[in-house]
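Written out below as structure tokens is the structure these notes cover.
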Amino acid sequence: MNVLLIGGGGREHALAWKLMQSPQAGVVYCSPGNPGMRGVVTVPEGTLAELADFAVAHQVGLTMVGPEAPLCAGIVDEFRRRGLRIVGPDQYAAQLEGSKSFAKQFMQRHGLPTAASWHFTAEEPALACVRQRGAPLVVKADGLAAGKGVVVATTVAEAEAAVRACFGGAFGAAGASVLIEECLFGEEASIIALCDGKTIVPLATSQDHKRAGDGDTGPNTGGMGAYSPAPVVTPELEQVIDAQIMQPFLRGCQADGLDFRGVIYAGLMLTAQGPKVLEFNVRFGDPETQAILARLDSDLLEALVATADGRLAEVELVWSPKPAVCVVMASEGYPNKYRKGDPIRGIDAAEATGAVVFQAGTRIENGQTVTSGGRVLGVTALGQDIAEAVANAYQAVELISWPGAWYRRDIAHRALQRDKQR
Ligand code: AMP
Ligand code: GLY
């Protein structure tokens, strides 16, 4: 079966790598793809209609969408209208990620645990709410803001500034509507699951590292590394998450008539009162996917086809017991303005250690792989235990270099800590 993958980052590289291993895979196309995707046929970006035309012309049996933007733009509606099989929520259901107020209302309606929140479409009442509630508070631009529209304010002044920034246009249209949320405390974890509208199948657990600096300090990023499994999510906690979040999510979709045959990602805060949902994404996480798929021993293509066809109940996912760690290597300056165009050395040497180097912000210039994005590579390795996986990933990372390359040195520190305590 020919496959079309949409996207070009590290997450899509990991998806492509895994799809290529499927005995059922024919040609794997990726639009726009990236230079690391060996054996994949890359396809230029196109409009939704052009991508659907491509899928028809190339007998694509399954399309998988990586990022949220095409889902929110209605790629699933376009493909299904044309009888094409695709994994992902339709445009209406994609609002679970695209609109924080839509997601909040969904959660409240269906009893999913989440932070208390107040929704505003004008600055003055939002500021009044901040002053009345006091700090700490979380201020969120309502729409898609590429992960940058959230401020965890520890003072009233900071919260006021965040409200003013939103209404002042700092996040474009996304800021014209603002959520103010109660601040939750605890450790974060992500649960990513396949959902076909009837059955929900969680993937292996994972945790990412959103902050730029070691010890989870500094500004938020797209994610500087990830590991799987996340030992903080014990088997008992997994059951609680299933009962309080995943099953109510599924029933909520059914009750609201949402067409959700795709990937649901719940970002959770594990509070003293139990797990609460911080956000939904309607896609795989990046870089969680790199760590998760490194551990998937069964056929990803079969599972995705079953998701699109509503046959997930028939599929069993098989995971390697070995933990996986993904360390993101970034360009100098990221997450602010960053350098581009530096030649990258050492990818082959790193892969010779057994690690997999998923590319994200790279391009080819004069036959050389050079940096072209903020998050450049996701170096991923397995180990007998988490300590060995960490050691294997960093051994590979240290073989790779370019001017200004940097990475966090403490990926998986929480899992290592828990391992030591056992
Ligand atoms: P979001 O995009 O909504 O997941 O928010 C991004 C990050 O902001 C999360 O990963 C959390 O670290 C933090 N965050 C979001 N909402 C809250 C909240 N209600 N309380 C504490 N931290 C939060
Ligand atoms: N790593 C966080 C995300 O993909 O949204």
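A few remarks follow.
- Förster radius 56 Å - calculated FRET efficiency between residue 170 and residue 419 (Cβ-Cβ, nearest 0.05): 0.85
- Selection from 43, 413, 79, by position along the positive dipole direction of the chain (Cβ): 413
- Among 267, 237, 23 the positive-end extreme of the charge dipole of the chain (Cβ point charges): 267
- For residue 420, a cut-off of 30 angstrom between C-alpha atoms picks up these lysines, skipping any fewer than 8 places away in its own chain: 210, 276, 322.
- Taking a ≥ b ≥ c as the square roots of the eigenvalues of the alpha-carbon gyration tensor, the chain is classed rounded because a/c is under 1.5.
- Gaussian network model of the chain, springs between alpha carbon atoms under 10 Å - residue of 352, 212, 330 with greatest fluctuation: 352
- Among 14, 69, 226, the residue with the largest mean-square fluctuation in a Gaussian network model of the chain, with springs joining Cα atoms closer than 10 Å, is 69.
- Other-chain or far-sequence residues with amide H under 5 Å of residue 153's (modelled H): 137, 138, 139
- Relative contact order %, the chain, counting alpha carbon pairs below 8 Å whose residues are six or more apart: 16 percent
- The charge dipole of the range 177-273, taken about the Cα centre with unit charges on the Cβ atoms of Lys, Arg (+1) and Asp, Glu (-1), comes to about 240 debye, rounded to the nearest 20.
- In this structure, the amide hydrogen of residue 279, modeled 1.01 Å from its nitrogen in the peptide plane, lies closer than 5 angstrom to those of 267, counting only residues at least 5 positions away or on a different chain.
- In order along the range 187-199, the Karplus-derived 3J(HN,Hα) couplings, from 6.51 cos²θ - 1.76 cosθ + 1.60 at θ = phi - 60°, round to 8, 8, 8, 10, 10, 10, 9, 8, 9, 10, x, 10, 9 Hz, and Gly and Pro are given as x.
- Within the accessible area of the chain (1.4 Å probe), percent carbon and sulfur: 50 percent
- Charge sum, other residues only, whose C-beta stays under 12 Å from residue 17's C-beta, Lys/Arg counted +1 and Asp/Glu -1: +1
- Extension reserve of the residue 50-residue 123 stretch, reckoned as 0.36 nm per residue once the Cα distance is removed: 22.2 nm
- Rounded to 5, the percent of DSSP beta bridges in the chain classed as antiparallel: 80 percent
- Residues of the chain: accessible area per residue with a 1.4 Å probe, Å²: 40 Å²
The values are calculated or read from the model by the stated rules, or taken from the named source; none is laboratory data. Just so it is clear, the model here is predicted, and its values are computed rather than measured. Every residue, glycine as well, gets a Cβ built from its backbone with ideal geometry; the counts of neighbours run over all protein chains shown. Ligands, DNA and RNA are stripped out before the accessible areas are found, and what is left, the full protein with its side chains, is counted by its heavy atoms. Shrake-Rupley method; radii C 1.70, N 1.55, O 1.52, S 1.80 Å.
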